[in-house]
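Structure first, commentary second.
Derivation of every value follows stated rules applied to the coordinates shown; laboratory data play no part. Keep in mind it's a predicted model, so treat the numbers as computed, not measured. As a convention, Cβ positions derive from the backbone with ideal geometry for all residues, glycine included, and neighbour counts pool all protein chains shown.
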Amino acid sequence: MSAPAKTRDVSSKLTLCLQSREGRRIISLLPTASTRELFESAAKEFGFTVESLKGGGFPPKSIPSNESPISDFCANQERIRVEFSNAVSSMDNKKSKNVGKKKSNSKNVKTEQQPVMMANDDSNVGNIRRSKRAASKSATEKMPAMIKAQEEYLKNTTKRESKKSSSFSVVPLQKGKKRARDNSDKQKQFKPQRVNIAGVGHRLADGAKVSNRPAAPTKRRRGLGDGSTDMSTSLLSAINDKGKMGVVLRKGMKNAVQTSYETSRAFSRLAAIQARSYRISQSESNEGGGGGGGSGELLKVIYQGSVDKTKVEETVDCIARDVLETVLEGIYASNKEALRPENLSRLSPRVLWSLVKYFPTLCSVADMYREILPALDWNFLRRRAEQLSEKATENKRQEEEKETGPDLERAAIAVASVEHAMENLEDYHAEERKARQAQAAEVRLRRQQQQNGQNEEDTVAPWTLTTPSEPDRDELRECIKQSVCTTSLTAGTDVTKWITQLMKQHNIKNWRVLANIKNVVVISEKLGVAEQRLVDWIDYAQSESISEIMVEICDDHIEAVEILTEKLKSGTPKDLAAWRSIPDLLLEQLQQLPKNVNETNNTGKNDESRQSWMELATISKWCDRAYRALQDYEWINWYATPVD
């Protein structure tokens, strides 16, 4: 059992570092060894009597000289400070000199040993520290005088422009150039001075006498930012400067302030809407102009600002709900990011407050969007705005151009019309009222001209076939359901989705617009339907539009259209245009028909209405209109009145 214990003691020896003025020594002792053995080992290593040993830590822990085990005072690889007795201080000094000489000889460095005078008392270390502190204090006190003397030396050296410079002297360096040494072999390059010769001389080219031109005084222009006050002086002078720099700077600062003001005002509007801390009332200056629909009204909005906490009052136009839907659809199709609440609040306050007026119970602009246009996808409002790079933007534009093709021009025209309508919204009702008055006056004038037998085309602008733009979902639904390819298995949700896509994405409001469609391939791909199915929809729309076009050509005389269709087999624009060169024969055929051809009762009233249009000027005008419609729309040439 003793052998393992001995092996364990040897393997667990403590390695200690003894540090003193004589240097460092490394010893190894067993943990069970006494501190007295530690003192003896230290004295043996250094060759002097050890007065005290202090362990590591702060403050240093004194180690006694007794039979206590060293493991109670020291740990493995710990540094122990050794102090010798005063009797050997002189020997220490002598030995330190010898050690210093030995080290200098080994390193081949010639140094001078300064004598160290140490008193043989307990205050040796304190005296050395006090002497060093006094020397440092003396050097610090002399430093200002040294700096002043150095500055005087540099100043005198610059004035004298001395060519000689010491390799160890302090010489100010020029910017971007290195200091040259005295022993440099590189020759200094001197820039030759230009000499102006006064008086009259002879020119070498022709020998004429010439004199020197008086040199214009050159003004040195200091670069901006060369001095410490250049930038501040320029900024202050730009406030009243009438130069280009001042104008540009003032304009930029003004735009920045205005943009910051508009941005803070936009966030104030949104904060007021979310907190419902606003008040909307109709403006007193325009009380009777609106009516129930809200169109033509001026809204007076009062809310609290989020920055200065003052009451803000705004007066904006109230947009009619149908116009508001069209505006939002146009913006959605052109630039969705403009519909984000923060952007809409800054760009168009009247659209924002019009939404709030129609949906006062909602406190979120996104919820208002979903209420007024539920068919559109508003999930992008929850996502962060995408910042595309320049290359990604160009790629996206090219992809959209390939997909849409010629529809881009129509989309641009639609967006431009929407923006124009928003800019002139205050004149919306006035123009609408004037249009109705002009239409009524035109109808009265037309009737008067028909009664007097005058030709309307001589005084009025050339007639053109007008395609109505009023939305009619029932007409589109009928075209889809009555087509050949649409079976009974078609779900109602699919029909509704197709109608919504036709109206929102392609601006196809009714079957008259559908009849004029040409780009079948592009629209069928976007709708996700077969081309033949879309062609069937268009065919049905064209067949239904022919009768409407005939009524428009004949000035809404339905009786005339029925007679031309049933008796004269001229119920289409193509058949009616065939009588263009011989309208008198057509009138003769009409006059030979019995008066009660289409009515069994009220013959007197029927005769009176027939006399209003059965005239040569009217029949000739209708034939010309039919010919004009054939020129404008190619598909009208495909339809003729069936013959039994």
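List Ser211, Ser545 from most exposed to least, where exposure is judged by having the fewest other Cβ atoms within 10 Å. Intermediate results must be reported in sequence, preceding the final value.
On the way: Ser211 9, Ser545 23.
Neighbour counts put them in this order, fewest first: Ser211, Ser545.
Calculated FRET efficiency, Ser12 and Ser65, Cβ-Cβ r, R0 25 Å, to nearest 0.05? The partial results should precede the final answer.
Details: r = 23 Å, r/R0 = 0.93.
Once the sixth-power term is evaluated, E becomes 0.60.
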Inset, instruction - For Ser281 paired with Phe267, estimate the spin-label separation in nm (one decimal), with each label point 7 Å from Cα along the Cα-to-Cβ line. - result: 3.0
Inset, instruction - Using the structure shown, list the pairs from Lys402/Lys504; Lys251/Lys396; Lys396/Lys504; Lys13/Lys54 with a Cα-Cα distance above 28 Å, or answer none. - result: Lys251/Lys396
Inset, instruction - If a/c stays under 1.5 just call it rounded; otherwise compare a/b with b/c (prolate if a/b is bigger, oblate if not). Do that for segment 296-356, with a ≥ b ≥ c from the square roots of the Cα gyration tensor eigenvalues. - result: oblate
Legend entry - For segment 579-588, Karplus couplings with θ = phi - 60° (6.51, -1.76, 1.60), whole Hz, Gly/Pro x: 8, 4, 7, 10, x, 5, 5, 5, 5, 5
Legend entry - Backbone HN-Hα couplings from phi across segment 266-274 [Karplus 6.51/-1.76/1.60, Hz, Gly and Pro as x]: 5, 5, 5, 4, 5, 5, 5, 5, 5
Inset, instruction - Scan around Leu14 for amide H atoms under 5 Å from its own, H built in the peptide plane at 1.01 Å from N, and keep only partners 5 or more places away or cross-chain. - result: Leu29, Leu30
Inset, instruction - Run the numbers on segment 292-391 and let me know its relative contact order in percent, using alpha-carbon pairs under 8 Å that are six or more apart. - result: 19
Inset, instruction - Using the Karplus curve 6.51 cos²θ - 1.76 cosθ + 1.60 with θ = phi - 60°, work out ³J(HN,Hα) for each residue of segment 526-536 in order, rounded to whole Hz, and write x for Gly and Pro. - result: 6, 7, x, 10, 6, 5, 5, 5, 5, 4, 5
Inset, instruction - For Leu53, enumerate residues with amide H under 5 Å from its amide H, sequence gap 5+ or separate chain, H modeled in the peptide plane. - result: Ile63
Legend entry - Potential extension, Glu152-Val520 segment - 0.36 nm per residue separation minus Cα distance: 123.1 nm
Legend entry - Computed label-point distance, nm, for sites Glu325 and Cys363 using a 7 Å Cα→Cβ extension: 2.9
Inset, instruction - Measure up Lys61/Lys137; Lys336/Lys509; Lys254/Lys336 against 27 Å on the Cα-Cα distance and list the ones that go over. - result: Lys61/Lys137; Lys254/Lys336
Legend entry - Linear extension gain, Lys481 paired with Val643, 0.36 nm per residue minus alpha-carbon span: 55.5 nm
Inset, instruction - Would you please give the residues with an amide H less than 5 Å from that of Gln304, counting only those at least 5 places away or on a separate chain, with H modeled from the backbone geometry? - result: Val312
Inset, instruction - Treat the count of other C-beta atoms within 10 Å as a stand-in for reagent exposure and order Cys623, Cys17 from fewest to most. - result: Cys17, Cys623
Inset, instruction - For Asp472 and Val551, compute 0.36 nm times the residue count separating them, minus their Cα-Cα distance, and round to one decimal in nm. - result: 26.5 nm
Inset, instruction - Obtain the nm distance between the two label points defined at Thr140 and Arg36 by a simple spin-label model: each point lies 7 Å from its Cα along the Cα-to-C-beta direction. - result: 5.0
